[in-house]
């Protein structure tokens, strides 16, 4: 039973990894690619790690997989946000069909407030 | 875990890695390459999981934890570099 659950979890994780990487190739600009690619981490690799935990139970293999899953869940959003901010500040344009850019709006409003002051 | 299942999983991950390598090679801007490099690190953590299941020992998971740490530090460093700032501020 646990064997079947572990295999199902690992299959879900592999599917998300594959589809995330297809999104990384297919989507039009760096922000869309980042959005697809981060699914690869939180759903793909974490599901594989949880599958290892279910398969191995409370053993060195399973506990290390659990620790790795917690660490990956905590750090990957931080890395993704830092990369998006770095890309925006380095001047990468959005896709021309993107409809909203809150970061640019915020920056422009800050600049106009500084100009008035 | 049957060997056929593990072989299938490793094959899927190798295919994903080639898609990431395509984006690293042909990415039009530097942030594209940084994103693909970040995801490649995560895929390698998945590789370590499957190899740990295949071998039944836990040292592959130690490699996975260390690789996730180093991948995170490399991502933050690349993001700082793209922002055009130094590491002091």
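Details
- Residue in the stretch A:88-104 that is in contact with a helix residue (DSSP H, G or I) (Cβ under 7 Å, 6 or more places away or on another chain), assigned to a helix (DSSP H, G or I) and facing chain B (nearest Cβ under 8 Å) present: yes
- Here the condition is being without any contact (Cβ under 8 Å) to a residue 12 or more places away in the chain, surrounded by fewer than 21 Cβ atoms within 10 Å (Cβ to Cβ), part of a helix (DSSP H, G or I) and more than 9 Å from chain B (Cβ to nearest Cβ); of A:4, A:42, it holds for A:4 alone.
- Yes/no for residue B:72 being in contact with a helix residue (DSSP H, G or I) (Cβ under 7 Å, 6 or more places away or on another chain), at pLDDT below 85 and either in a loop (DSSP other than H, G, I, E, B) or within 7 Å of chain A (Cβ to nearest Cβ) (or both): no
- Selected residue [within 7 Å of another protein chain (Cβ to nearest Cβ), at pLDDT 90 or above, touching a helix residue (DSSP H, G or I) at 6+ places or on another chain (Cβ under 9 Å) and within 24 Å of residue B:55 (Cβ to Cβ)] from A:49, A:53: A:49
- Among the residues of the stretch B:1-23, those identified as surrounded by fewer than 16 Cβ atoms within 10 Å (Cβ to Cβ) and within 15 Å of the chain's Cα centre (by Cα) are B:14, B:15, B:18, B:21, B:22.
- Some residue of the stretch A:73-81 being under 25 Å from residue B:36 (Cβ atoms) and either more than 10 Å from chain B (Cβ to nearest Cβ) or in contact with a strand residue (DSSP E or B) (Cβ under 6 Å, 6 or more places away or on another chain) (or both): yes
The values are calculated or read from the model by the stated rules, or taken from the named source; none is laboratory data. Owing to the predicted nature of the structure, the values given are computational and were not obtained by experimental measurement. Cβ coordinates were reconstructed from backbone atoms using ideal geometry, including for glycine residues, and neighbour counts include every protein chain displayed.
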